Amino acid sequence: MSLYNKLKWILGVLIVFVLIIATNLIDKNNFTRVRDSVVTIYEDRIIASDLIFELQQSIHEKEVAIVLRDSLFYKNQNSRVNQHIESLLARYDETKLTKKESKIYKNLKSNLADLMTLENKNTSINLLNKNEILAKIDNLKSNLSDLSKVQLDEGGKQMSISRKALDTVEFFTQLEICILVVLAIVIQLIVMYNPKKTE
């Protein structure tokens with residue numbers, strides 16, 4: 001095999017090799033984005049939604065107790081519910097918060113602290129200001145509703161990121177196939193081309 005033919009083969013193989021490496025690096029980056037997006041959806045959105053749901057249930061228990069003037073709840077269960085709320089907040093602190101979510105969450109914690117302060121002022125249910133506590137509970141329900149909407153919005157954004165990354169992978173896969181077909185044809189032409197020797 002002449003030097004010219006060897007160079008043609010080396011050039012052809014190098015072009016294919018570089019193309020495959022380039023598309024694999026692009027694919028790897030896109031698959032990393034998809035993986036990170038899926039992890040974020042689970043860890044920071046689905047788990048957060050579950051925590052919000054549990055917080056809503058605990059707040060609802062308090063609301064029912066104050067409306068019914070349930071003194072047994074405040075004697076026996078309120079401290080347990082407060083501990084449960086604290087553990088839920090501790091778990092929520094472990095999720096990644098967006099700026100908007102962080103602001104709402106800070107407001108939620110402030111409203112919870114105010115509610116617990118009101119509840120601790122008087123141990124007797126008859127001395128508790130029903131309207132003031134219900135107003136704080138309404139604020140908490142509003143905070144939890146806003147947090148729930150953030151989870152939905154952020155989950156949608158992460159799904160959009162995943163879709164874009166997968167669309168990019170699909171595009172580059174199709175492009176890679178087309179380029180490989182073209183390169184195969186070009187390599188065949190280079191290999192078969194035999195320049196006429198001039199005498």
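Before moving on, here are some points about what is shown:
- Axis angle, to the nearest 10 degrees, between helix 99-121 and the longest C-alpha principal axis of the chain: 20 degrees.
- Segment 51-164, relative contact order [Cα under 8 Å, separation at least 6], %: 38
- Listed cross-link partners Lys136/Lys164; Lys130/Lys157; Lys100/Lys164; Lys96/Lys130; Lys62/Lys149 are compared with a 32 Å cut-off, the Cα-Cα value being larger for Lys136/Lys164; Lys130/Lys157; Lys96/Lys130.
- Charge dipole (debye, nearest 20) of segment 32-94; +1 at Cβ of Lys and Arg, -1 at Cβ of Asp and Glu: 140
- Taking the 1.4 Å solvent-accessible surface of the chain as the whole, the part contributed by carbon and sulfur is 61%.
- Surface accessible to a 1.4 Å probe, per residue, for the residues of segment 2-74, Å²: 61
- Crossing angle, helix 3-40 versus the chain [Cα axis fit, 0-90 degrees, rounded to tens]: 10
- P(r) histogram, all alpha-carbon pairs of the chain included - 5 Å bins from 0, percent: 1, 6, 12, 12, 9, 8, 7, 6, 5, 5, 4, 4, 4, 4, 3, 3, 2, 2, 1, 1, 0, 0, 0, 0
- Global form of segment 1-79, assessed from the alpha-carbon gyration tensor, a/c cut-off 1.5: prolate
- Within the chain: Cβ-based charge dipole about Cα centre, in debye rounded to nearest 20 (Lys, Arg +1; Asp, Glu -1): 540
- Cross-link partners of Lys8 among lysines (Cα-Cα below 18 Å; sequence separation of 8 or more within a chain): Lys196, Lys197
- Note on the chain: GNM, Cα springs under 10 Å; of Leu97, Leu140, Leu25, the largest mean-square fluctuation is that of Leu25.
- Relative contact order (%) - the chain, alpha-carbon pairs under 8 angstrom, separation at least six: 41
- In terms of Cα atoms, the Rg and Dmax of segment 90-171 work out to 18.9, 68 Å.
The values are calculated or read from the model by the stated rules, or taken from the named source; none is laboratory data. The shown structure was predicted, so the numbers you read here are calculated from the model rather than taken from an experiment. Backbone-built Cβ (ideal geometry, glycine too); neighbour counts: all protein chains shown. What goes into the accessible areas is simple: the full protein's heavy atoms, side chains included, and nothing from ligands, DNA or RNA. Shrake-Rupley method; radii C 1.70, N 1.55, O 1.52, S 1.80 Å.
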